[in-house]
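The next block holds one structure in the form of structure tokens; read it before the comments.
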Amino acid sequence: MSGNPRPIFEADVEALSHDGRGIARVDGKVWFIDGALPGERVTARGLKGRRNYGIAALESIDKASERRTTPRCEVFGTCGGCALQHLEYPAQLEFKEQVVKDAFIKSRVTDLPNIERISAEPWHYRRRARLGVRFVPQKGGVLVGFRERNKSYVTPLQECPVIAPEVDSVIPFLAPLIQGLSIRDRLPQIEVAVGEGVAALVFRHLEPLSTADLEQLHQFADQHGVQILTQAKGPDTILPLSPEAAQPLEYRLADFDLRMRFTATSFIQVNAAINAALVSKSIDWLTLTPTDRVLDLFCGLGNFSLAAARHAGTVMGVEGEAALVTQAQKNAEMNQLENVNFECRDLFDESAASWAPGLFSKVIVDPPRTGAIESLKAVAGNIQPEVIAYVSCNPATLARDAEYLINQGSYRLTRVAMADMFPHTAHVETLALFERSEPSG
């Protein structure tokens, strides 16, 4: 559309795209409209696109959806942290359930069980976040917040209704703190991690902090009751500002009487309540007994492995990141679990093919967004466990992998749950259970 005026048009919104944009069809062309909801009549302005589809901005809502609600956040629509605050929460759950169904259908997995829902309090749930920091004199100095939607700019925040309360309460004070540092233009981000009773802030800095800078950070930590860590380069350069006062970060899985320790930059599930519910449902679905031998792939710091170890005979957790494997082993020791072991292995190559048939009776898979097809080929082809519990953060790759397990791996999809790990965003977490079909004849 370059060179042409950006068209303004009216449209009836039919549905939401997988990323939460309104979908409308006008004169044979599909438009994706930020901020528009199904059932609405809107006026929109085309921004960019091709012959068959385009991206448009919402100019006005001519007829609003009954399910539209007032966003709680003042910068919603600009900030890229949330995409669905304008849609009432029950409708968000319906949308995400449909995203899961659509992904399976697109991969030709049509024999679907009823999709269960796992949800919890949808506000102040984020215990992990990365806040961008920019020094922009034209905008008054230091800006701290999430990136703008579809842009690299930082949206300045004074509060955030989805971040953990311990961090939300200090957000207004972060920009003035950094404004007073000598390296205010060389501090690109703050990593946030919240454990039980402890909030940690990791300040990434591209130049050394002065003595005066360190003193200001100490005062801030004392005043606001947070732990501050500094990071000069990679993750191995993270140091607590006050080593003698540093408290470990932990979360609990109460159903299993587990304490899980993690570092400020470890991968953990963002939503504590949903994570706990997801672990409990996974272990419940697996119906573990003392005779079971469990394999947990992409095990991280032992989130599912240790819970499984409370019920199974033995558990092997496998993870590609060595630091997480070390932490998982420490978590097992801290919880006095001796029937679980961990190893570091690349799960995206053929090394998994060495696992022997029958070595494990049940398997848990919790891969990144790219899915687990390489590992599942080894699992379904070699190990052939009775049951596979698959935790997914990407419905598209889950559906792709499900199609493989069903059509080439002799498994049936018997249970599915949609877990709302990220309320007010378009992200969808899914739990699926696959049971091995009895060989015919």
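The values are calculated or read from the model by the stated rules, or taken from the named source; none is laboratory data. Predicted model only: the values in this text are computed from it and were never measured. FYI the Cβ positions are ideal-geometry reconstructions off the backbone, even for glycines, and counts take in every protein chain you see.
Filter segment 235-272 down to residues that are of a type in the set (Asp, Glu) and outside any strand (DSSP E or B) and give me whichever is surrounded by the most Cβ atoms within 10 Å (Cβ to Cβ).
Taking segment 235-272 as the starting set, the residues that turn out to be of a type in the set (Asp, Glu) are 236, 244, 250, 255, 257.
Among the residues that remain, those that are also outside any strand (DSSP E or B) are: 236, 244, 255, 257.
Values: Asp236: 9, Glu244: 5, Asp255: 14, Asp257: 10.
In this case the residue turns out to be Asp255.
If Pro90 satisfies all but one of (1) assigned to a loop (DSSP other than H, G, I, E, B); (2) at pLDDT 95 or above, what's the number of the condition it fails?
Against the list (1) assigned to a loop (DSSP other than H, G, I, E, B); (2) at pLDDT 95 or above, Pro90 comes up short only on (1).
Against the condition part of a helix (DSSP H, G or I) and either in the same structural domain as Asp366 (by TED's automatic domain parsing) or on the phi > 0 side of the Ramachandran plot (or both), how does Ala276 come out, does it pass?
Yes, satisfied.
Any idea how many residues of segment 306-322 are touching a helix residue (DSSP H, G or I) at 6+ places or on another chain (Cβ under 9 Å), over 16 Å from Val387 (Cβ atoms) and either among the small types (Gly, Ala, Ser) or touching a residue at least 60 places away in the same chain (Cβ under 8 Å) (or both)?
Of the residues in that region, 2 qualify.
Kindly evaluate Leu286 against the criterion of being touching a Lys or Arg at 6+ places or on another chain (Cβ under 8 Å), within 24 Å of Pro367 (Cβ to Cβ) and surrounded by 18 or more Cβ atoms within 10 Å (Cβ to Cβ).
yes
Yes or no: Leu181 buried (at least 22 other Cβ atoms within 10 Å of the Cβ) and either modelled with pLDDT under 95 or not in a strand (DSSP E or B) (or both)?
When the stated conditions are applied, Leu181 does not pass them.
On the basis of being within 15 Å of the chain's Cα centre (by Cα) and of a type in the set (Asp, Glu), does Glu403 make the cut?
no
For segment 31-44, does any single residue satisfy the condition of being at pLDDT below 95, surrounded by fewer than 15 Cβ atoms within 10 Å (Cβ to Cβ), closer than 18 Å to Glu10 by Cβ and touching a strand residue (DSSP E or B) at 6+ places or on another chain (Cβ under 7 Å)?
Looking for residues that are at pLDDT below 95, surrounded by fewer than 15 Cβ atoms within 10 Å (Cβ to Cβ), closer than 18 Å to Glu10 by Cβ and touching a strand residue (DSSP E or B) at 6+ places or on another chain (Cβ under 7 Å), one finds none in segment 31-44, hence no.
Tell me whether segment 325-341 contains one or more residues that are under 30 Å from Leu413 (Cα atoms), in contact with a helix residue (DSSP H, G or I) (Cβ under 7 Å, 6 or more places away or on another chain) and not in a loop (DSSP other than H, G, I, E, B).
yes
Which residues, taken from segment 139-167, are without any contact (Cβ under 8 Å) to a residue 12 or more places away in the chain and either in contact with a Cys (Cβ under 9 Å, 6 or more places away or on another chain) or within 18 Å of Arg186 (Cβ to Cβ) (or both)?
Hit for segment 139-167 is Ser152, nothing else.
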